[in-house]
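Notes to accompany the following structure.
The values are calculated or read from the model by the stated rules, or taken from the named source; none is laboratory data. In this text, all values refer to a predicted model and were calculated from it rather than measured experimentally. We place every Cβ from the backbone using ideal geometry, glycine too, and count neighbours over all the protein chains shown. Surface accessibility is based on the protein's heavy atoms, side chains included, excluding ligands, DNA and RNA. Shrake-Rupley method; radii C 1.70, N 1.55, O 1.52, S 1.80 Å.
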Amino acid sequence: MNEFAFPDPDRYRNGGVRPAGTLNGIPDAELSANDATLQCYFDATRGQQNQAVSFFDSLHSEWTSKVELTADPSRLPSEFAEFETCLFKETGFPGGQTDAGTSVTIYEFLYWWPDQHGGEAAMTEEENLRGGRIFADCLTPLTEAQAEIVADDRAEYIEQHHDDLVVIADAIQG
């Protein structure tokens, strides 16, 4: 899923604005329950050319597109504004400074915060964790709104693709 789709606030609450992992603070091996499931799937089907692999590729692409179209923060303008307002009130984060025609990103704060504390290398662990907690607390209502928006789609999607999902689950279980 793209960066807008359900980032896990607890990752930032527990690991700060720069938890161990990728540049966006998303650990490669532990992105979320969703990614742990994906990793399990890939481990179970590595090298296999079976029906589960093609089902997975097709279903993942379809669901990702649906989430990107439905739950992107640009479709949640008041929730995104509340997220940015919360960050501003808590830290002075200017937010909303993207150029016209560019996508808004929820992750801008994660680059701004370290800069306010002398850069990533100079930022203390206490500052890192404080920024992560602030980010997570402000982000939670937005991710909850995203989840609410796609809840009906999720149930319908699972119902429509139940048989394919069973094939994938069976491949994971071996």
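Numbers at a glance
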{"quantity": "Single unsatisfied condition, residue 163 versus (1) among the acidic types (Asp, Glu); (2) open to solvent by 90 Å² or more (accessible area, probe 1.4 Å); (3) modelled with pLDDT under 80", "calculated": "(3)"}
{"quantity": "Pairs with Cβ under 7 Å, 6+ apart, first in the stretch 139-153 and outside the structural domain of residue 108 (by the TED database), second acidic (Asp, Glu)", "calculated": "none"}
{"quantity": "Index of the failed condition, residue 81 passing every other in (1) modelled with pLDDT under 90; (2) part of a loop (DSSP other than H, G, I, E, B)", "calculated": "(2)"}
{"quantity": "Within the stretch 59-89, considering residues that are within 15 Å of residue 153 (Cβ to Cβ) and among the aliphatic types (A, V, I, L, M), the one most open to solvent (accessible area, probe 1.4 Å)", "calculated": "69"}
{"quantity": "Meets criteria (modelled with pLDDT under 85, surrounded by 18 or more Cβ atoms within 10 Å (Cβ to Cβ) and part of a helix (DSSP H, G or I)) for residue 171", "calculated": "yes"}
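Residue-by-condition table, conditions (1) over 19 Å from the mean Cα position of the chain (by Cα); (2) open to solvent by less than 100 Å² (accessible area, probe 1.4 Å):
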{"residue": "119", "(1), (2)": "yes, yes"}
{"residue": "125", "(1), (2)": "yes, no"}
{"residue": "129", "(1), (2)": "no, yes"}
{"residue": "137", "(1), (2)": "no, yes"}
{"residue": "158", "(1), (2)": "yes, yes"}
